[in-house]
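The structure appears right after this line, and notes come after that.
Quick note: the coordinates plus some simple rules give every number you see, no bench work behind them. Note that the structure is predicted; figures quoted are calculated from it, not measured. A quick note on method: Cβ atoms are made from the backbone with ideal geometry, for glycine too, and the neighbour counts reach across all protein chains shown.
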Amino acid sequence: MRFVDLTQTFTSAMPVYPGDSLPRLIQSASLENDGASNFELTTSMHVGTHVDGPAHMIPGGERLCDYPPETFFGKVVIVDARGQPEISAAMLNDVPLARDMIVLVCTGWAEKYGTESYYQEYPAVTLEFARALVNAGVKMVGFDSPSPDHPPFLVHKVLLNDRILIIENLTNVVGLLGEKKAELVVAPLKIEADSAPARVIAMVG
């Protein structure tokens, strides 16, 4: 079995969605001066690789801490959307969707991570694509891009209203293309918030 880390490394210099506050990661104590090392983190929940939960956009929606642990593990299918300006439902025609599956959309956009263009003109998901995931009963969908959609975020609302969690800012998804069997571990912080940073690891082979 091979493990593939799909997580962007968290740093103070990482890019943020336009208008969001910058993260602050500082060393507050050191071995040399304090006998132990410590760091402090101040961040929005939507920086770097993270999971969006229903409370992000749905009134009365669940927070991530409300989900049971089995939510964050499952079989994966990959949708190859590289080079496409739009992610349409037709891309799911040959994808074996099943209830409680995790869908990863490989756009190739992670190559732009850290550049000015990363948050501009990224490929968006159609409402038909989102509704197809709802109809199939998948539990999570992830993207190697900042978001599945642009304002007013109608796709977010369709997915989150059906309790489908959204993983954003993944990396290395292209390395999963062609794999016949893959499972995913998604480990967001268990926090009383709408969303949270997460470590995302694929197990293939």
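Odds and ends about this structure:
- For the peptides 76-84, 177-185, 47-55, the ranking by packing is 47-55, 76-84, 177-185, with the highest mean count of neighbouring Cβ atoms within 10 Å listed first.
- Kirkwood Rh (inverse of mean 1/r, distinct Cα pairs), the range 72-205, angstrom: 14.9
- Fully extending the segment from residue 9 to residue 82 would add 24.0 nm, taking 0.36 nm per residue of separation and subtracting the current Cα-Cα distance.
- Expressed per residue, the C-alpha convex hull volume of the range 1-55 stands at 155 Å³.
- Each DSSP beta bridge with both residues in the chain is either parallel or antiparallel, and the antiparallel ones are about 65%.
- The chain - percent relative contact order, Cα under 8 Å, separation 6 or more: 31
- The range 109-124-the range 63-96 distance, computed between alpha-carbon centres (Å): 19
- Long-range HN-HN contacts of residue 124 with modeled amide H, under 5 Å: 87
- Cross-link pairs beyond the 27 Å C-alpha cut-off, checked among 75/190; 139/190; 157/180: 157/180
- The phi-based Karplus calculation (6.51 cos²θ - 1.76 cosθ + 1.60; θ = phi - 60°) puts the 3J(HN,Hα) values of the range 25-39 at 10, 10, 8, 9, 8, 10, 4, 5, 9, 10, x, 7, 8, 8, 10 Hz, whole numbers, x for Gly and Pro.
- Each peptide in 187-194, 100-107 gets a packing score, the mean of other Cβ atoms within 10 Å over its residues, and the list from highest to lowest is 100-107, 187-194.
- Positive minus negative residues near residue 63 (Lys, Arg vs Asp, Glu; Cβ under 14 Å): -3
- The range 14-122, Rg to Rh (Cα coordinates; Rh as Kirkwood inverse mean 1/r): 1.06
- Area projected by the alpha carbon convex hull of the range 144-205, averaged over all directions, nm²: 5.2
- For residue 29, the residues whose modelled amide H falls within less than 5 Å of its own, excluding neighbours fewer than 5 places apart on the same chain, are 38.
- Local net charge near residue 4, Cβ-Cβ under 14 Å (Lys/Arg +1, Asp/Glu -1): -1
- For residue 185, the shell of other residues with beta-carbons less than 13 Å away shows a net charge of -1, using +1 for Lys and Arg and -1 for Asp and Glu.
- For residue 62, the residues whose modelled amide H falls within less than 5 Å of its own, excluding neighbours fewer than 5 places apart on the same chain, are 55.
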